[in-house]
Amino acid sequence: MERASPRLLKLVILGDSGVGKTSCLERFVNRRFSLQYKATIGADFLTKELEIDASGFAPESVAGSTPEDAAGSHSDDGSPQQSEQLQWVCLQIWDTAGQERFQSLGSAFYRGADGCALVFDLSNSDSLTNAESWLEEFLLQAAPPVPSAFPFVLLGNKVDLMRSRGAACEHIRERALAWCATHHRIQFFETSALENIGIDQAMTALARGALHYHE
Ligand code: GDP
């Protein structure tokens, strides 16, 4: 039997320069990490096709959740999901090419987005504060029809640095959790592009959220 063509979803990735947006995407799409600083990807977006289980998205219950919680294996009441709903999707993921320094991404970047990944650096408190501004900027520019239900994920990147910078990072992490708890549509993931932690879970959860947003 022929497989139906994939559902196209446009996702955007936003956050301060240097937090690791391109590195997370490189890890997710191309399965690699480079320590060289910001080679622009030379394209507006990257694409990745994958099959996701669309059955496990519960926006009301996931604020501040761990990646394990958000992986979609349990329903609202905690019981295992009875049936998977596999859906083939083509993610078109738009990254910035450094213009975020000037907050001038242009309307094409935001237009028609189905989901948004906000990234901050767990070792940089300002980058978390600015993630909140990026969310407001997104809502202003993309103007989604139902802002309160729009799918966002928050990636606290560079979690590998927590080993060396423990207490400072921990404080920033607590702030991120508190912020997500007040914005129920946001799922929080600790990630490391360097060590390949949490990125697949975060992007898959976002794709799942984008599918449900359109239902
Ligand atoms: P962008 O400007 O947000 O796209 O950030 P980049 O992806 O260009 O990354 C900025 C810098 O952070 C680069 O030097 C990366 O190597 C580094 N970086 C990215 N992700 C991680 C991570 O998970 N851990 C660590 N330790 N460094 C990272």
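Side notes on the structure shown:
- Pairwise inverse Cα distances across region 102-142, averaged and inverted, put the Kirkwood hydrodynamic radius at 11.1 Å.
- Shape parameters for region 109-215, alpha-carbon atoms, Rg then Dmax in Å: 13.8, 44
- For Thr191, residues with placed amide H under 5 Å, excluding near neighbours: Gly156, Asn157, Lys158, Val159
- Potential extension, Arg163-Thr129 segment - 0.36 nm per residue separation minus Cα distance: 10.0 nm
- Counting only heavy atoms of the protein chains and using a 1.4 Å probe, Leu105 has close to 20 Å² of accessible surface.
- Segment Ser17-Glu84, extension gain: residue separation times 0.36 nm, minus the distance between their alpha carbons: 20.3 nm
- If R0 is 45 Å, the Cβ-Cβ spacing of Ser148 and Phe33 corresponds to a FRET efficiency of close to 0.80.
- Between Lys48 and His212, the modelled labels are 2.0 nm apart [label points 7 Å from Cα along Cα→Cβ].
- Label-point gap, in nm, between Leu8 and Arg175 - each point 7 angstrom along Cα→Cβ: 3.9 nm
The values are calculated or read from the model by the stated rules, or taken from the named source; none is laboratory data. Keep in mind that this is a model prediction, so the values were computed, not measured. We place every Cβ from the backbone using ideal geometry, glycine too, and count neighbours over all the protein chains shown. The protein model used for the area step is the full one, side chains on, heavy atoms only, and it has no ligands, DNA or RNA in it. Shrake-Rupley method; radii C 1.70, N 1.55, O 1.52, S 1.80 Å.
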